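K.L.:
Dumping the structure here so I can ask a few things about it.
Please treat every number below as a calculation from the coordinates, not as lab data. Here the structure is a predicted model, which is why all the values come from computation and not from measurement. Neighbour counts run over all protein chains shown; Cβ positions are idealised from the backbone, glycine included.
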Amino acid sequence: MTKETLSRRHFLGAAAATAAAGAAAPALAASTNAPALPAKWDIETDVVVLGCGGAGMMAACQVVDAGKKVEVFDAGVSPYHTATNLCGGLFTACGSKLQKADPSIKDSWEAFAEDIMAYGNYMSLKEPVYGFTKHSGEAFDWLADHGLPAHHLEPYAGHTHKRAHRQETFKGRDYIDTLVKQLAERKIVIRHKCGLSRIFFDPAENRVVGVECGKGDKKVTCRARLGIIMATGGITGSPESLDRWVPSVAGKGVAIGGPNNDGTAMMIAVRDVGVPLSHMQYIASYPCGIVVNGRNGPYCRWWFITNNGGILVNKNGKRFITEKEGICHVTPHLAHNPDGCHYVLADQAGWERTLTKIKLSALVGLPSWTAERIEAEFKAGKNLWKCDTIEELCEKSGVNLEGLKTQIATWNKAVETKNDTQFGRTDQQWKIGKGPYYMIRMFPWNNLSCGGVRVTEHFEVLGWDMKPVKGFYAAGETVAGVHGAFYCGGNACGFAHTSGYMAGKYITGYKEA
Ligand SMILES: Cc1cc2nc3c(=O)[nH]c(=O)nc-3n(C[C@H](O)[C@H](O)[C@H](O)COP(=O)(O)OP(=O)(O)OC[C@H]3O[C@@H](n4cnc5c(N)ncnc54)[C@H](O)[C@@H]3O)c2cc1C
């Protein structure tokens, strides 16, 4: 196809699209910017994979195993600089060999899908959820059969069946180690520092035909005979990216994710192919980030403290929610608190009770603070405070003294009368009594995003007209609507690897029995 015919057809395609959509939807998504095809491609291959996290590397291996050629382009410097590497090693899957080995577990992909959708307030899109839940066991088994280090099954809140496959190390690095070896065995080379800059799209055929990657004079074009798998992660890689995409959290809390994950590839897909994005405002945000060094920081498992006599208060010293609320459901309430944060408070007895249940280093400062670092943070008194009196605690933390005193009296009465007149808690057993008092300030910990491109159950990207764009697949965190309104633990790592695994198969012509 010549440059001229491409742009003419493209113009006609866009015009037809305008006419078709005009009556119902004045905001047309069809691209008017698709670049012309290069006169000569620098590289030709069967499949282009963009990104080298769990999703991208799973996809690349399946392409080669199907006897096809693959080129992997990555904006970053290493697979160890990805969200997958940062993750806690929790992979939810149904029907794995490990799960089947326990006859007491009666799980099904339908039950798994229902759990995801219920947890996400039925805001999920069923196609990626079904594509994930149907194939998650198979994808996990592939990793286990290819050297994934030791793991076990554990129950996890939000899942009605035991399906959380947890690495003994609690580290996503295990997946990366496994996949890096698998890529090496297949002689797959990753082209780092070579992020996507254009997608070549043929509107007449409704097909993606190749990419341009890299910057300046390092740019290369690559024809993709079968298509492209976009596995470029989410948008929580930097505070700037998070704040741009989710202005409701701008300026607040921790932003943590693969450092190159800023949504650029998604916007290139919008610009060059005209695919719509969906669910961009949804992020997985835990109400427990301890902000240090700007917008960095670890998190605190405050629910262990509140289950042992602690309470949650805002800067006015007031409780603002029942401490029994599901943790991700607490996060939206922080927006209405002064400074957008909250504090967990315990007296000495409550603190000691907590530490009989969980080690200090598993309670505060996850994933990396040592017990010594935590003690140093208490001494520094910027986010963690230990004080002999409530007066001193309020002076140092900035929490309102009168408000907190009144709140403690109200709470202690609720314990005495077994009647929480504020938020209806029924399990309160311990009053806030003698000091020293412990207090930790927490903000949202934004660690994964839930928006991106829409896909079919086979991970084909949907165009402006909700029809699959030929040859265009997506996998991992860049896919919209898996989690709906709330992410439930394990489903993101599970989804990334499973969708990558299946996209790599489907793009090479795999058909289910
Ligand atoms: C601290 C932390 C803990 C987590 N713990 C868990 C957990 O225990 N369980 C769970 O289910 N989920 C967890 N998650 C979420 C989960 O890890 C991720 O959703 C998942 O790993 C994403 O995989 P991915 O392959 O889609 O993205 P990534 O692993 O981030 O890979 C994206 C790749 O795309 C590349 N890229 C980005 N932009 C471009 C571009 N323009 N062009 C080319 N390449 C590009 C990046 O460099 C990278 O190689 C956690 C996340 C974090 C941050």
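K.L.:
If you add up the charges near Gln182, with Lys and Arg at +1 and Asp and Glu at -1, over every other residue whose beta carbon is less than 12 angstrom from its beta carbon, what do you get? Walk me through the numbers before you get to the answer.
P.N.:
Details: positive: Lys181, Arg186, Lys187; negative: Asp65, Asp145, Asp177, Glu185.
Here the charged neighbours net out to -1.
K.L.:
Continuing with the same structure: For Lys100 and Lys40, compute 0.36 nm times the residue count separating them, minus their Cα-Cα distance, and round to one decimal in nm.
P.N.:
On the way: separation 60, 0.36 × 60 = 21.60 nm, distance 5.15 nm.
Gain in length upon complete extension: 16.5 nm.
K.L.:
Three principal axis extents, largest first, for the C-alpha atoms of the range 323-432, in Å?
P.N.:
Over the range 323-432, Cα extents along the principal axes are 40, 30, 30 Å.
K.L.:
What GluC sites (Glu not before Pro) does the range 153-260 have in DSSP loop regions with at most 15 other beta carbons within 10 Å? Present the calculation step by step, with values, prior to reporting the outcome.
P.N.:
Details: sites: Glu168, Glu185, Glu205, Glu212, Glu240; in loops: Glu168, Glu205.
Passing both the DSSP loop test and the Cβ count: Glu168, Glu205.
K.L.:
With Cβ to Cβ distances under 15 Å as the rule, what net charge do the other residues near Ile268 carry (K, R +1; D, E -1)? Intermediate values should be presented prior to the final figure.
P.N.:
Working: positive: Arg198, Lys215, Lys219, Arg271; negative: Asp74, Glu212, Asp262, Asp272.
Surrounding charge for Ile268 is 0.
K.L.:
With an 8 Å cut-off on Cα pairs and a minimum separation of 6 or more residues, tell me the relative contact order of the range 288-445 in percent.
P.N.:
Numbers: 278 pairs, mean separation 55.6, N = 158.
For the range 288-445, the relative contact order is 35 percent.
K.L.:
Restricting to DSSP H runs of at least four residues, report the calculated mean residue ellipticity at 222 nm for the chain, -39500 (n - 2.57) per run over all residues, nearest 500 deg cm²/dmol.
P.N.:
Values: 17 runs with 179 residues, N = 513.
One gets -10500 deg cm²/dmol as the mean residue ellipticity at 222 nm.
K.L.:
I've got another one for you. Helix 109-119 versus the longest principal axis of the chain: what is the Cα-based angle in degrees, 0 to 90, to the nearest 10?
P.N.:
Long axis of 109-119 versus the principal axis of the chain: about 60 degrees.
K.L.:
Just to confirm a number: summing +1 for Lys and Arg and -1 for Asp and Glu over residues other than Val209 whose beta-carbon lies under 9 angstrom from that of Val209, what do you get? Mind dumping the intermediate values first?
P.N.:
Details: positive: Arg207, Arg223, Arg225; negative: Asp202, Glu205.
Taking every other residue near Val209 into account, the sum is +1.
K.L.:
Along the range 206-218, what does the Karplus equation 6.51 cos²θ - 1.76 cosθ + 1.60 (θ = phi - 60°) give for ³J(HN,Hα), rounded to whole Hz, x for Gly and Pro?
P.N.:
Each residue of the range 206-218 in turn: 6, 9, 7, 10, x, 9, 10, 10, x, 10, x, 7, 8 Hz.
K.L.:
Only bridges with both residues in the chain count here: give the DSSP antiparallel percent, nearest 5. Don't jump to the answer; show the numbers that get you there.
P.N.:
Values: 43 of 63 bridges.
Counting only bridges with both partners in the chain, antiparallel ones make up about 70 percent.
K.L.:
Now a separate question. What ranking do 241-249, 444-452, 417-425, 501-509 get when scored by the average of other Cβ atoms within 10 Å per residue, highest first?
P.N.:
Values: 241-249: 18.7, 444-452: 26.8, 417-425: 13.7, 501-509: 24.6.
The densest-packed peptide leads the list: 444-452, 501-509, 241-249, 417-425.
K.L.:
Okay, moving on. HN-Hα J couplings of the range 416-432 from phi, Karplus 6.51/-1.76/1.60, θ = phi - 60°, integer Hz, Gly and Pro as x?
P.N.:
Ordered by residue, 3J(HN,Hα) equals 5, 8, 6, 9, 7, 6, 7, 9, x, 5, 10, 9, 6, 10, 10, 6, 7 Hz.
K.L.:
Also: With a cut-off of 8 Å between alpha carbons and a minimum separation of six or more residues, what is the relative contact order of the chain in percent?
P.N.:
Numbers: 1213 pairs, mean separation 119.9, N = 513.
The value is 23 percent.
K.L.:
Still on this structure: Using the beta-carbon distance between Val292 and Val415 and R0 = 41 Å, what value does 1/(1 + (r/R0)^6) give for FRET efficiency, to the nearest 0.05?
P.N.:
On the way: r = 33 Å, r/R0 = 0.82.
Calculated value: 0.75.
K.L.:
May I pose another question? If r is the Cβ-Cβ distance from Glu110 to Ala157 and R0 is 22 Å, what FRET efficiency results, to the nearest 0.05?
P.N.:
Values: r = 20 Å, r/R0 = 0.92.
Between Glu110 and Ala157 the formula returns 0.65.
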